[in-house]
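Let me begin by presenting the structure, written as structure tokens, before commenting on it.
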């Protein structure tokens, strides 16, 4: 049974840094196809943004089995890639236990 791993990009059409991160996020998704990558527009899905306590865009959540593992606020591609890679490594070791 595989573990559900999700990376969520909370964005808004009016947020230039968020929009600028879209191509990077899509590239990340292509490189890590064993994970689910979701884009959530906070203006279209306000309930989800509120429930996840999203206060600024862009915000990236790393989730495993529905639980938040990490959260990064801001447009920082290097840090997002670094945390995603660490998340994947921890998920692989998590699968082995």
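What follows is calculated from the coordinates using simple rules that are stated; it is not laboratory data. Computed from a predicted structure; not experimentally measured. Every residue, glycine as well, gets a Cβ built from its backbone with ideal geometry; the counts of neighbours run over all protein chains shown.
Please check which bits of the stretch 37-68 a label hung off residue 19 would reach, taking the label as a point 7 Å along Cα-to-C-beta and the cut-off as backbone N under 17 Å. Of the residues in the stretch 37-68, 40-44, 57-59 have backbone N under 17 Å from the label point off residue 19. Residue-normalised convex hull volume from the C-alpha trace of the chain: 92 Å³ per residue.
Model label points for residue 30 and residue 89, set 7 angstrom from Cα along the Cα-to-Cβ axis, are 2.5 nm apart. Counting alpha carbon pairs within less than 8 Å and at least 6 residues apart, what relative contact order, in whole percent, applies to the chain? Across the chain, relative contact order equals 36 percent. A Förster radius of 22 Å combined with the Cβ-Cβ distance from residue 39 to residue 4 puts the calculated FRET efficiency at roughly 0.80.
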